[in-house]
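S.K.: I'd like to ask some things about the structure below.
Every number in this text was worked out from the coordinates using simple rules, so none of it is lab data. Because the structure is predicted, anything quoted here is derived from the model rather than measured. Cβ atoms come from the backbone with ideal geometry, glycine included; neighbour counts cover every protein chain shown.
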Amino acid sequence: MSEMEYKVKEAPTCPHCKSVMEQMDSRHLDWGLPYLWVCFNNNCTFFMKGWKHMMESYGQLVSYRFMIQPDSGTVGVIPAFSHEYLHQHGKPSNPYLDEE
């Protein structure tokens, strides 16, 4: 499917905090997409509540961020191992730039 056919072409708004979502490079993940729309707001209630939920439910010090697949519009979550992990490891300014 070409990006011209994606259902979510423009940056959506997170339903939990109303922040504009950003592209996260997903080329090296198993999504089959060049990017995912992700809420990177560290004050998002979904992200903030995730820490407690994951510790109480699974004994894991991890949270999650709200995500939308651009091709289908399917919503979901992506793990967040720290407040800055996805900022440092998954959010280049252009997901089409190859690492040198």
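S.K.: Compute the signed sum of charges (Lys and Arg +1, Asp and Glu -1) over the other residues within less than 14 Å, Cβ to Cβ, of Thr45.
M.R.: Taking every other residue near Thr45 into account, the sum is +4.
S.K.: Still on this structure: Using a 10 Å cut-off around each Cβ, can you sort Arg65, Arg27 from fewest to most neighbouring Cβ atoms?
M.R.: Values: Arg65 25, Arg27 14.
In increasing order of surrounding Cβ atoms, one gets Arg27, Arg65.
S.K.: Could you tally the net charge around Tyr58, taking each other residue with its Cβ under 15 Å from the Cβ of Tyr58, Lys/Arg +1 and Asp/Glu -1?
M.R.: +1
S.K.: So, one more: Label point 7 Å out from Leu61 along Cα-to-Cβ: which residues of segment 4-47 have amide N under 11 Å?
M.R.: none
S.K.: Using the beta-carbon distance between Glu3 and Asp30 and R0 = 22 Å, what value does 1/(1 + (r/R0)^6) give for FRET efficiency, to the nearest 0.05?
M.R.: Efficiency, rounded to the nearest 0.05: 0.70.
S.K.: Could you list Asp25, Asp71, Asp30 in order of exposure, starting from the residue whose Cβ has the fewest other Cβ atoms within 10 Å? Don't jump to the answer; show the numbers that get you there.
M.R.: Values: Asp25 21, Asp71 18, Asp30 6.
Least crowded to most crowded, the residues run Asp30, Asp71, Asp25.
S.K.: Can you figure out the FRET efficiency of Ala11 with His53, using R₀ = 35 Å and their beta-carbon distance, to the nearest 0.05? Before the final figure, lay out each step's value.
M.R.: Working: r = 26 Å, r/R0 = 0.75.
That gives a FRET efficiency of 0.85.
S.K.: Something else about it: Would you tally the net charge around Pro12, using a Cβ to Cβ cut-off of less than 11 Å, leaving Pro12 out, and scoring K and R as +1, D and E as -1?
M.R.: Here the charged neighbours net out to +1.
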